[in-house]
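Visitor: One structure, pasted below without further comment.
Where a number appears in this text, it was derived from the coordinates with a stated rule and is not lab data. Note that the structure is predicted; figures quoted are calculated from it, not measured. Here the Cβ is made from the backbone with ideal geometry for all residues, glycine too, and neighbour counts use every protein chain on show.
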Amino acid sequence: MTGNTPLKLISMSEINAEEVQWLWYPYIPLGKLTILQGDPGEGKTSFILAVIAALTRGEPLPECERAAEPMNVIYQTAEDGLADTIKPRLESAGADCTRVLVIDEGKRELTLCDARLEEAIIQTKARLVVLDPIQGFLGAGVDMHRANEIRPLMKRISVLAEKYQCAIILIGHMNKNSNGKSSYRGLGSIDFQAAARSVLIVGRVKDEPEIRVICHVKSSLAPEGDAIAFRLDKEKGFHWIGKYDISADDLLLV
């Protein structure tokens, strides 16, 4: 006995093997955590809103063989206004806004430990939950650089994703490490990236600032996907380009 908890052993022979299900192969697995990170202003939110728009309309994402049925999405932002920023950008991306749900934080801010997060997933049957940025949902007093504080939060959110077979995406800014190596620039404790099954980085192409690229820098469940580019044009807005030949480290070089 350990404390008041009796020992229980599980034989691997009793476990039924299951295939990983995907929201967007191989970038966003269902039932798991994905981290999306990049420097401020590089297009993280534009990218994720384009993904949300496609999912709510039931349209395929780049390099995806087929589209899923239109789905509900929970999108929480701690930085942008819903009425003057997020709603116009969702409409511009062509999202079905009836399928994009937000937990009302008017009386109490949402945190990763908040029971409302699970309640919202149950009520909406959302297949994707986005927290943008993750720093805004850690809760007061949580030091994002301390493993003993971050590890239980990541464990809880991972269990939530698996329990309801929804994808959870945590968006974060990158640190200012000058060597540019993608593996050294994630914010906070290494436990953020350790808990994630997929890590994506957004950056802009040095000589073509309107072109932004998504690079796959960690993939625990499938081979890493090709870099995917999109264009952010002041007049035409967002549109996908497709595969792009660049590494994450080259993308981050200043």
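Visitor: Can you compute the helix-only [θ] at 222 nm over the chain? Use -39500 (n - 2.57) per DSSP H run of at least 4 residues, normalise by all residues, nearest 500 deg cm²/dmol. Could you put the intermediate results ahead of the total?
Guide: Working: 6 runs with 59 residues, N = 254.
So the helix-based figure for the chain works out to -7000 deg cm²/dmol.
Visitor: Hey, what angle do you get for helix 44-57 against the long axis of the chain, alpha-carbon based, 0 to 90 degrees rounded to 10?
Guide: Roughly 80 degrees, rounded to the nearest 10.
Visitor: Here's another thing I want to ask about it. Have a look at VAL205, ALA194, PRO6 and report the one farthest towards the positive end of the charge dipole of the chain, computed about the Cα centre with Cβ charges (Lys/Arg +1, Asp/Glu -1).
Guide: The one lying farthest along the dipole's positive direction is PRO6.
Visitor: Tell me, what is the FRET efficiency for LYS125 and ASP249 to the nearest 0.05, using R0 = 41 angstrom and their Cβ-Cβ distance as r? Write out the running numbers ahead of the final one.
Guide: Values: r = 39 Å, r/R0 = 0.95.
Calculated value: 0.55.
Visitor: At 37 °C and a viscosity of 0.692 mPa s, what translational diffusion coefficient does Stokes-Einstein give for the range 53-158, taking Rh as the Kirkwood radius over Cα pairs? Give it in µm²/s as a whole number. Let's see the in-between values first.
Guide: Numbers: Rh = 15.2 Å.
Reported coefficient: 215 µm²/s.
Visitor: Putting +1 on Lys and Arg Cβ atoms and -1 on Asp and Glu Cβ atoms, find which of ALA67, GLY106, PRO29 reaches farthest to the positive end of the dipole of the range 1-129.
Guide: My answer, from the dipole projection, is GLY106.
Visitor: Here is a follow-up. Rounded to the nearest 20 Debye, what is the dipole magnitude of the chain about its Cα centre when Lys and Arg each give +1 and Asp and Glu each give -1 at the C-beta?
Guide: Numbers: 30 positive and 35 negative charges, 91 e Å.
Result for the chain is approximately 440 debye, rounded to the nearest 20.
Visitor: Still on this structure, please answer the following. With a ≥ b ≥ c taken as the square roots of the eigenvalues of the C-alpha gyration tensor of the chain, please select rounded if a/c is under 1.5 and otherwise prolate if a/b is larger than b/c or oblate if it is not? Intermediate results must be reported in sequence, preceding the final value.
Guide: Values: a/c = 1.44, a/b = 1.32, b/c = 1.09.
Rounded shape, in that the Cα axes give a/c under 1.5.
Visitor: Over the range 80-229, what lengths in whole Å, largest first, do the semi-axes of the equivalent ellipsoid take, defined as the square roots of 5 times the eigenvalues of the alpha-carbon gyration tensor? Before the final figure, lay out each step's value.
Guide: Values: eigenvalues 125, 96, 54 Å².
Over the Cα atoms of the range 80-229, the semi-axes work out to 25, 22, 16 Å.
Visitor: Same structure, new question: So if a site counts as exposed when it's one of the GluC sites (Glu not before Pro), its DSSP state isn't H, G, I, E or B, and it has at most 10 other Cβ atoms within 10 Å, what's the longest stretch of the chain without one? Don't skip to the answer; put the middle values down first.
Guide: Values: sites that count: GLU18, GLU19, GLU65, GLU235.
Between the exposed loop sites, the longest stretch runs 66-234.
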